[in-house]
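For reference, the structure discussed in these notes is given below.
The values are calculated or read from the model by the stated rules, or taken from the named source; none is laboratory data. Just so it is clear, the structure is predicted and the values come from calculations on it, not from any experiment. Here the Cβ is made from the backbone with ideal geometry for all residues, glycine too, and neighbour counts use every protein chain on show. Keep in mind that these areas ignore ligands, DNA and RNA; they rest on the heavy atoms of the full protein, side chains included. Shrake-Rupley method; radii C 1.70, N 1.55, O 1.52, S 1.80 Å.
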Amino acid sequence: MVEVNRRAFLVGTGLAAAGAFAEDDKVVDGGFAEVTPPGVPVRARPVLPPGAGGLAAFSRKCVGCQLCVQLCPTHVLRPSTDPKRLAQPEMGFARGYCRPECTTCGEVCPAGAIRPVKTEQKRNVHVGQAVWHADRCLAASEGVPCDACRRHCPVQAVFFIPLDEHDASAPKVPVVDRTKCIGCGACEHLCPARPLPAMEVEGFEVHREVKPMGDDDILTEAKRLFDANKAAVLLVRDGVICASGNGRGLSPLLDLCDAKPEDVKGAWVVDKVIGKAAAAVCVAFGAKRVHAALMCEPGVALLKEHGIPCSCDKLVPQILNRDRSGLCPLEATVRDIVDVPEMVKALRARIAQLKAAAPAATRP
């Protein structure tokens, strides 16, 4: 009975605080230009702070004391208006977003509803998923160049592709990498679209924690994915597989490098096959380490020449073509080239030539 009364008291004080922390967003920018605040999306599930674990556990433990709301330095926490969760906090992104370096809410929660999360752990806790709405996006609906979501994403979960892949002049629009998005709300907060942002975060019923893996576990997972033909190349950062590509030949690696150059730089590249051609791409895009199920001696030599550690399951003198009648066409393309940028340029030209000449099933 004591707990019930305590909760009722705290909920009551929470309701009072809710009024104090109602929508008071600024309507001017620096005191001069008027600002139209973004509308508040209707979410299927609330977005709860990292450390909450999930909706059911959080709802049971939270007493609605409002400490986290009052002390949130980015003003991203607000009291819920849901009758089932009245005064319990949830995230709203009109005034800010959940910065990866901030751990305040878990440190001040007196009820254990938000457990403390260390800064280095927080980037691996996924509380929700950003969803792109094409009909609201300035780039898609009005052709206005805008990449605010990509520029401000703290985990590089947003990349851009042409709206029409067959039209080089088509506007570029965002794609959210679901393996990397943590639901922090930076993209929603900074999206300039009105009345509602084009990026909208949906909360997870249960938070997902991506735990870093050791090297052996990464290589075991890579072998499983390679053997099942679910991937041909992986990008690994801080013990987490942050991106993957599938297909034949060099194209999966080169496509990843073109789509997500920021992911490749400083990453561990784990590939099915690394020849001199693939090694040149790894060097050009700044890979930190390279491992391959099959690697050739010229590839090893090139990587070592540029100070990139490499390893493999099997080392061969050369990478041969598919019928093993001679050197792989891409390996032949770079065999006598010394300059890495020239290698990559020659590889792009050769791949375009092979794609134009070959049926889809056999393209590199």
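Numbers below:
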quantity: Pair list, Cβ < 9 Å and 6+ apart or interchain, from segment 348-360 residues that are closer than 11 Å to residue 251 by Cβ and open to solvent by 90 Å² or more (accessible area, probe 1.4 Å) to residues that are at pLDDT 90 or above and among the aliphatic types (A, V, I, L, M); calculated: 348/254
quantity: Residue 144 farther than 25 Å from residue 212 by Cα, surrounded by fewer than 21 Cβ atoms within 10 Å (Cβ to Cβ) and among the β-branched types (Val, Ile, Thr); calculated: yes
quantity: Those residues of segment 140-172 which are closer than 30 Å to residue 120 by Cα and acidic (Asp, Glu), in sequence order; calculated: 147
quantity: Helices (runs of 4 or more DSSP H) completely within segment 91-160 that count 2 or more residues being in contact with a helix residue (DSSP H, G or I) (Cβ under 7 Å, 6 or more places away or on another chain) and β-branched (Val, Ile, Thr); calculated: 104-108
quantity: Close pairs (7 angstrom Cβ cut-off, 6 or more residues apart or separate chains): over 15 Å from residue 87 (Cβ atoms) in segment 101-121, among the acidic types (Asp, Glu) and surrounded by fewer than 20 Cβ atoms within 10 Å (Cβ to Cβ) anywhere; calculated: 116/107; 119/101
quantity: Among (1) within 30 Å of residue 194 (Cα to Cα); (2) at pLDDT 95 or above; (3) touching a Pro at 6+ places or on another chain (Cβ under 8 Å) - the single one residue 21 does not satisfy; calculated: (2)
quantity: Verdict on residue 201 being within 22 Å of residue 279 (Cα to Cα) and modelled with pLDDT of 95 or more; calculated: no
quantity: Tally of residues being in contact (Cβ under 8 Å) with a residue 60 or more places away in the chain and either under 15 Å from the mean Cα position of the chain (by Cα) or open to solvent by 20 Å² or more (accessible area, probe 1.4 Å) (or both) across segment 247-275; calculated: 6
quantity: Exclusive hit being among the acidic types (Asp, Glu), open to solvent by 20 Å² or more (accessible area, probe 1.4 Å) and within 22 Å of residue 255 (Cβ to Cβ), set 164, 177; calculated: 164
quantity: Of all residues making up segment 229-246, the number that are open to solvent by 40 Å² or more (accessible area, probe 1.4 Å) and more than 19 Å from residue 176 (Cα to Cα); calculated: 3
quantity: In segment 210-237, residue nearest to the chain's Cα centre (by Cα) [restricted to those that are touching a residue at least 60 places away in the same chain (Cβ under 8 Å) and either part of a loop (DSSP other than H, G, I, E, B) or under 19 Å from residue 120 (Cβ atoms) (or both)]; calculated: 210
quantity: Positions within segment 66-113 being open to solvent by less than 30 Å² (accessible area, probe 1.4 Å) and among the charged types (D, E, K, R), in sequence order; calculated: 78, 85
quantity: Criterion: over 17 Å from residue 47 (Cα atoms), part of a loop (DSSP other than H, G, I, E, B), open to solvent by less than 10 Å² (accessible area, probe 1.4 Å) and not polar (S, T, N, Q) - qualifying residue of 170, 193; calculated: 193
quantity: Residue match in segment 43-55 (condition: part of a helix (DSSP H, G or I) and either open to solvent by less than 60 Å² (accessible area, probe 1.4 Å) or free of Cβ contacts under 8 Å to residues at least 60 places away in the same chain (or both)); calculated: yes
